[in-house]
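Heads up: the structure comes next, in structure tokens.
The values are calculated or read from the model by the stated rules, or taken from the named source; none is laboratory data. From a predicted model like this one, the values you see are computed outputs, not experimental measurements. Every residue, glycine among them, receives a Cβ derived from its backbone with ideal geometry; neighbour counts consider all protein chains shown. Surface areas here come from the heavy atoms of the whole protein model, side chains and all, with no ligands, DNA or RNA. Shrake-Rupley method; radii C 1.70, N 1.55, O 1.52, S 1.80 Å.
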Amino acid sequence: MEKWRATSNLRRSLKSILNRQLSSVSEFRYLNEKRSCQSSFNLIRDCKSLGQVNAIQHRCFSSASTLVQRNPSFSTLNSDDISYFKGLLGEKSVIQDEDRLETVNTDWMHKYKGSSKLLLLPRSTEEVAQILRYCNSRCLAVVPQGGNTGLVGGSVPVFDEVIVNVSSMNNIISFDKVSGILVCEAGCILENLISFLDNQGFIMPLDLGAKGSCQIGGNVSTNAGGLRLVRYGSLHGNVLGLEAVLANGDVLDMLGTLRKDNTGYDLKHLFIGSEGSLGIVTKVSILTPPKLSSVNIAFLACNDYSSCQKLLMEAKRKLGEILSAFEFLDTEAMNLVLHQLDGVRNPLPASMHNFYILIETTGSDESYNREKLEAFLLSSMEGGLISDGVLAQDINQASSFWRIREGVPEALMKAGAVYKYDLSLPVEKMYDLVDDMRIRLGDLATVVGYGHLGDGNLHLNVSAPEYDDKILEQIEPYVYEWTSKHRGSISAEHGLGLMKADKIYYSKSTETVQTMASIKKLLDPNGILNPYKVLPHSLNS
């Protein structure tokens, strides 16, 4: 069992700070379970023909109102299609039940809702291939779906697309203890993979708040980042191979398990982060690091954002190879968590602070790691970078610290309407945007800043009692323009989906986007895979 230890020989002036005892908190509840959220979409239907939705307009949420026209080249589902799929998959894997369709048609934030009449549950790559081969021949649009935990409308239909959910493809195919290479099907839930590897003495390089429901195929398809990217890097580095099915049913076997393979184009990278628009990922091989025995978590307070930046630089220099997470949240985020989530306590109860930092270290030598962490905390305290802090003394306290950081999205949802932006920015500029948004919005809304400071990923959230066009007008396109001006990315880890498809030019040049569209046309000539997503609607039509 991993050891969670507090430092024991810091100066007397630090002991009172670093050795506080905290009460256990209730078990973490995954962000996608039992959510309620005010519906914020407004469907506009122009029923020129029975059963066909020709326009949809999303209003008053995280993206400015966008009119999307249904592609007239797509066919509509008929009884012959249903019969074919039942013959292929069996009755139980062809879902037409309204209640189940309601769930898979709606994203977990209740912002995006499609009108699909069919959910398919394939159990193998061959079944996925036959589904796509048939849909391509009929020009039936398809939405690949996993755990449906996305935040940009990428995993639900826009209109009546057929939903292909790979959750039944959830087998672990192999695990090599020598190399640490795991091969599994796309429907494996991330937390199940984490548990499996834990029993083998390894860990997943990816960890997300939604790990209880998100699936590895969706993680790969969105290039999910997560909490420990600063240590283990992105999925572009950890995924060694994958298997994907193209729109025409062809299966690309790129399921390599080699660390080195320099034979031709490395096509797997096209499917990592393409959000199911180029093909459906069905299997993945991923490099997993060994589980290390020494883990420590510190929850610290800083007076200003400049101190947070300097603390990050010092952590990289002085903690080096044992630094595995460096997360930050501002006082508004902390206040929301304390007021909205049951059982959460402030680790630093003496007073509220402007900024909070969660640092995790992971290593193999307890004594060596403890000495490095003690030296870092001591120098940071003496240098005025830290104003208060506490170390977890056991696994319950460690979980309570992570609960605060991972609970911010849940707290925001409970507080009311929320406009969410997932941005990559130069670290020195990240919080300037939060300050600017507070000036722009004034008393209209609460601006919350938190995220992965270690890799320059800001989660900018605007919280209000209800969705309001006046608020949205102050946010967009200002947020995208500001990000573009500072050469940032409008999507750090959530993807583009429907929400940001038309915003891609803020981060990518016209020539780059046109090349993307050419690749899409080559691999999916009829455009049936996850239409209206990722690329601008003008290029998808």
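Annotations
- Taken together, the residues in region 341-352 that are surrounded by fewer than 17 Cβ atoms within 10 Å (Cβ to Cβ) and in contact (Cβ under 8 Å) with a residue 60 or more places away in the chain amount to 3.
- Qualifying residue in region 497-506 (condition: basic (Lys, Arg), out of contact with any Cys (no Cβ under 8 Å at 6 or more places or on another chain) and surrounded by fewer than 18 Cβ atoms within 10 Å (Cβ to Cβ)): no
- Region 133-154, residues that are modelled with pLDDT of 95 or more and either assigned to a loop (DSSP other than H, G, I, E, B) or touching a Ser or Thr at 6+ places or on another chain (Cβ under 6 Å) (or both): Arg138, Cys139, Leu140, Ala141, Gln145
- Residue among Ile272, Ile280 that is β-branched (Val, Ile, Thr) and either out of contact with any Ser or Thr (no Cβ under 9 Å at 6 or more places or on another chain) or farther than 17 Å from Asn171 by Cβ (or both): Ile272
Per-residue answers, yes or no, for (1) open to solvent by 50 Å² or more (accessible area, probe 1.4 Å); (2) at pLDDT 95 or above; (3) closer than 20 Å to Phe355 by Cβ; (4) not assigned by the TED database to the domain that holds Phe299:
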position	(1), (2), (3), (4)
Leu425	no, yes, yes, no
Leu460	no, yes, yes, no
Asp468	yes, no, no, no
Gln474	yes, yes, no, no
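- Some residue of region 513-522 being of a type in the set (Gly, Ala, Ser), closer than 21 Å to Leu329 by Cβ and not assigned by the TED database to the domain that holds Val152: no
- Failed item in (1) surrounded by fewer than 17 Cβ atoms within 10 Å (Cβ to Cβ); (2) aliphatic (A, V, I, L, M); (3) more than 24 Å from the chain's Cα centre (by Cα), with Leu252 passing the rest: (1)
- Within region 264-286, if we keep just the residues that are among the hydrophobic types (A, V, I, L, M, F, W, C) and crowded, with 17+ Cβ neighbours inside 10 Å, the residue that is farthest from Leu193 (Cα to Cα) turns out to be Leu278.
- Per this entry, Asp524 is counted among residues that are within 24 Å of Arg133 (Cα to Cα), touching a residue at least 40 places away in the same chain (Cβ under 8 Å) and surrounded by fewer than 22 Cβ atoms within 10 Å (Cβ to Cβ).
- Complete set of residues in region 367-401 that are farther than 18 Å from Ser324 by Cβ, part of a loop (DSSP other than H, G, I, E, B) and under 33 Å from the mean Cα position of the chain (by Cα): Leu385, Ile386, Ser387, Gln393, Asp394
- The selection criterion, being of a type in the set (A, V, I, L, M), under 19 Å from Ala298 (Cβ atoms), open to solvent by 50 Å² or more (accessible area, probe 1.4 Å) and part of a helix (DSSP H, G or I), does not hold for Ala333.
- Strands (runs of 3 or more DSSP E) fully within region 156-234 counting 3 or more residues that are open to solvent by less than 40 Å² (accessible area, probe 1.4 Å) and more than 17 Å from Gly273 (Cβ to Cβ): 162-165, 181-185
- Qualifying residue in region 67-82 (condition: modelled with pLDDT of 95 or more, part of a helix (DSSP H, G or I), open to solvent by less than 10 Å² (accessible area, probe 1.4 Å) and under 25 Å from Val166 (Cα atoms)): yes
- Put simply, of Thr125, Thr149 the only residue that is at negative phi, out of contact with any helix residue (DSSP H, G or I) (no Cβ under 8 Å at 6 or more places or on another chain), in contact (Cβ under 8 Å) with a residue 24 or more places away in the chain and polar (S, T, N, Q) is Thr125.
- Residues located in region 267-302, provided they are closer than 19 Å to Ser179 by Cβ and not in a helix (DSSP H, G or I): Lys283, Val284, Ser285, Ile286, Leu287, Thr288, Pro289, Pro290, Lys291, Leu292
- Summed over region 303-330, the residues that are of a type in the set (A, V, I, L, M), in contact (Cβ under 8 Å) with a residue 40 or more places away in the chain and not in a strand (DSSP E or B) give a count of 5.
- Spans of helices (runs of 4 or more DSSP H) in region 464-541 with at least 2 residues more than 30 Å from Lys414 (Cβ to Cβ) and small (Gly, Ala, Ser): 510-523
- Positions within region 83-127 being more than 30 Å from Glu466 (Cβ to Cβ), part of a helix (DSSP H, G or I), open to solvent by less than 20 Å² (accessible area, probe 1.4 Å) and among the aliphatic types (A, V, I, L, M), in sequence order: Leu89
- Any hit, region 464-482, residues being among the polar types (S, T, N, Q) and within 19 Å of Gly273 (Cβ to Cβ): no
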